[in-house]
Amino acid sequence: NGGLDYAGVQRTAKQLMQVKNKHNLVVVSSGAIATGMFQQKLTERPKELAKLQALAAIGQPKLMSAYDLFVNNGRVAQLLVSYSDLHDTDRANNFKNTIEELIGMGAFIIVNENDSTATEEISFGDNDVLAATVAVLLSADQLIMLTNVNGLGDEFGNLICEIETITPRLRELAARTDSQFRVGGMQSKLMAGEMAMTNKIPAHIISGKEDNRLVEVVLEHKRVGTRFVV
């Protein structure tokens, strides 16, 4: 219904904590504007920039409190960034140093776009590309993108299991319309996967609605979803 899916956050947080027990973990989470829309009882996403920024400011605390509710170490750290933060050398280095300190503290790290000030991010809505940018900056071992389907499908609805190169056909398949509550979809995930591949980082698109899919990919090394091969 457009509100924050607490059961979904709980399901995801449980898997993330299992992964965090074995690996350093940085989470990029969207949902601030959609949560703000629900709080304000809006059914259509506004087009005015100021309204979008205001909704993000309303929704972001709700989003963080949901993660805090289900993360069992109680140390949830939030970093809000804009495009310029990660493309300016000094600020990007500061971001990286902060991440490293938080990892050392055992924090559960959540990065989100600074929607209330970053006009570029609201215009493009690329949380997937933000995640890929963070992955490249941190020289991550993997980029995992969770969505509401099993991965990228072909013209007949069959799952594309592996992507070795980004072709015009794949770009066409990814060009789909999203709901009022999300900006970007498979197109942005394909862009993020391409960024990861270019930087020799394996990437996956998997379902975030399955109880154990994230654990299967990261900890059990199962081949599910759509995998970007490097």
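The values are calculated or read from the model by the stated rules, or taken from the named source; none is laboratory data. For clarity, every value in this text was computed on a predicted model and none was experimentally measured. All Cβ positions, even for glycine, are placed from backbone atoms using ideal geometry, and neighbour counts span all protein chains on display. Surface accessibility is based on the protein's heavy atoms, side chains included, excluding ligands, DNA and RNA. Shrake-Rupley method; radii C 1.70, N 1.55, O 1.52, S 1.80 Å.
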Residue count, the range 1-36, condition among the polar types (S, T, N, Q) and within 21 Å of THR98 (Cβ to Cβ), comes to 3
Per the list (1) among the polar types (S, T, N, Q); (2) farther than 30 Å from LEU219 by Cβ; (3) open to solvent by 60 Å² or more (accessible area, probe 1.4 Å), residue check on GLN53 breaks on (3)
Checking LYS189, LYS222, LYS200 in turn, the sole residue that is open to solvent by 70 Å² or more (accessible area, probe 1.4 Å) and touching a residue at least 24 places away in the same chain (Cβ under 8 Å) turns out to be LYS200
Residue pairs qualifying under the 7 Å Cβ cut-off, at least six apart or on distinct chains, with the first in the range 144-156 being assigned to a strand (DSSP E or B) and among the small types (Gly, Ala, Ser) and the second being open to solvent by 30 Å² or more (accessible area, probe 1.4 Å) and modelled with pLDDT of 90 or more, are GLY153/LEU159
Check: Any chance the range 90-102 includes a residue that's farther than 19 Å from VAL129 by Cβ and either surrounded by 14 or more Cβ atoms within 10 Å (Cβ to Cβ) or touching a residue at least 24 places away in the same chain (Cβ under 8 Å) (or both)?
Finding: yes
Being outside any strand (DSSP E or B) and at pLDDT 95 or above narrows LYS189, LYS209, LYS200, LYS222 down to just LYS200
Result of the Cβ filter at 8 Å on the range 65-83, keeping first residues that are exposed (fewer than 15 other Cβ atoms within 10 Å of the Cβ) and partners that are β-branched (Val, Ile, Thr), at least 6 apart or interchain, is LEU69/VAL9
Note on the range 27-41: residues out of contact with any Gly (no Cβ under 8 Å at 6 or more places or on another chain), of a type outside the set (Gly, Ala, Ser) and surrounded by 16 or more Cβ atoms within 10 Å (Cβ to Cβ) are VAL27, VAL28
task: Return yes or no: is PHE124 open to solvent by 70 Å² or more (accessible area, probe 1.4 Å), modelled with pLDDT under 95, hydrophobic (A, V, I, L, M, F, W, C) and within 28 Å of GLU194 (Cβ to Cβ)?
output: yes
By residue number, the members of the range 82-99 that are under 30 Å from ALA7 (Cβ atoms) and either of a type in the set (S, T, N, Q) or at pLDDT below 90 (or both) are none
